[in-house]
Amino acid sequence: MFLLFDIGGTNMRIAVSADGQTLKETKTVPTPKNFEQGIQTIKQTANELSNGEKITGTAGGIAGPIDKEKTCLAKSPHISGWINKPLKTELERIFGCKVFLENDTATGGIGEAVKGAGKGMQVVAYIALGTGVGGKRVIDGTIPEDSFNFEPGHQIIVPDGNLCNCGGKGHLEAYIGGSYFEKIYGQKGEKINDPEIWSEISRFLAIGLVNTTVHWSPDIIVLGGSVSKSIPLEKVNTYLKEFLTIYPAAPQVVLGTLHDDAGLYGALELLK
Ligand SMILES: [Zn+2]
């Protein structure tokens, strides 16, 4: 039995897989702020889902950058109690098997590239639109090593523009990140009904995607994350076609199809 997890800032999703291909049982529980409680919750939920059957492999993602050795969370505004705590070592001790840890945008991207909207495509740009903006370039179902992390949310789209949470100015995230909506557009994302505002958000997103496209040259762009569901895709594709003048054709921008399970499917791939 394999154990998969996706630890977010608010909730964590835990699943088991018997065949290494499909998810058998899935459960969502609130993410404890305290690390030791978090480990206990994962252990309990795993026992429940597996009916006590032995876990032979574990993999998953966590919200935020992880350390270079891929053993723990390195930074996070939401679950600071987990930072630098021995997540991988503790899970290996509890389950007595190997544990693979990744950043949650990476597992989401791999999931969508292998089993979801990017299936069959060689180069997939996965852009996660949530409270912030993240992204990964997935090539043949894997993420090539990079020095730090690709950070498409922190590309400059307006020189000296809006202040970003990272301290920079004019970053993409500071225009289309969910946590900025109230400040910029006067209301929370789920309350925004004005098509003009969504058109504006689509235009900023398209500018970011043009930059991402000329650097990554993807076959397809897959959007994930809570904000992606509200984005008018047609508008984004139209703007992208208009702005991307150097290529004969623009990659298609689509929504992810695995939704909340993208990270769990990506975790399954890590076990292979
Ligand atoms: Zn930034």
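Projecting the Cα atoms of L3, G116, W216 onto the charge dipole of the chain (Cβ charges, centred on the Cα centre) puts L3 farthest toward the positive pole. Here the translational diffusion coefficient of the chain follows from Stokes-Einstein with Rh set to the Kirkwood radius across Cα pairs; for 10 °C and 1.306 mPa s it amounts to 83 µm²/s. Distance from the Cα centroid of the stretch 43-79 to that of the stretch 191-241 is 31 Å (rounded to whole angstrom). Of all lysines in the structure, the ones whose alpha carbon falls short of 21 Å from that of K68, not counting any fewer than 8 places away in one chain, are K85, K88, K98, K136, K272.
Mind checking which helices in the chain clear 24 Å along their axis (Cα) and have mean Kyte-Doolittle hydropathy of 0.0 or more, DSSP H runs only? The answer, listed by residue number, is 195-216. Using the average count of surrounding beta-carbon atoms within 10 Å as a protection proxy, the listed peptides 168-181, 50-63, 105-118 rank, highest first, as 105-118, 168-181, 50-63. Taking 17 Å as the straight-line reach from the Cα of K33, the aspartates and glutamates in range (excluding those fewer than 8 positions away in the same chain) are D6, E90.
Taking 30 Å as R0, compute the FRET efficiency from the Cβ-Cβ separation of V123 and N193 and round it to 0.05.
Values: r = 35 Å, r/R0 = 1.18.
That gives a FRET efficiency of 0.25.
Filter the chymotrypsin sites (Phe, Trp or Tyr not before Pro) in the stretch 100-174 down to the DSSP loop ones having no more than 13 other Cβ atoms within 10 Å, then list what survives.
F148
Model label points for S230 and T142, set 7 angstrom from Cα along the Cα-to-Cβ axis, are 3.8 nm apart. Between P159, G186, P65, the Cα set farthest toward the positive side of the dipole of the chain (charges on each charged residue's Cβ, about the Cα centre) is that of P65.
Label point of I184 set 7 angstrom out along Cα-Cβ; within the stretch 96-136, amide nitrogens under 14 Å from it belong to 129-134. If the reach is capped at under 17 angstrom between alpha carbons, list the lysines near K27, excluding any in the same chain fewer than eight residues apart. Straight-distance partners of K27: K43. When the chain is described by a simple charge dipole with +1 on each Lys and Arg Cβ and -1 on each Asp and Glu Cβ, the residue from A250, I197, Y265 located farthest towards its positive end is Y265. Only the Cβ atoms of Lys and Arg (+1) and of Asp and Glu (-1) were treated as charged; on that basis the dipole of the chain about its Cα centre amounts to roughly 320 debye. Each residue of the stretch 6-22 is assigned a 3J(HN,Hα), and the resulting list reads 9, 8, x, x, 10, 10, 10, 10, 10, 8, 10, 10, 8, 9, x, 10, 10 Hz, derived from the Karplus form 6.51 cos²θ - 1.76 cosθ + 1.60 (θ = phi - 60°), x at Gly and Pro.
No lab work stands behind these numbers, since they all come straight from the coordinates. Given the structure is predicted, the values throughout are model-derived calculations rather than measurements. All Cβ positions, even for glycine, are placed from backbone atoms using ideal geometry, and neighbour counts span all protein chains on display.
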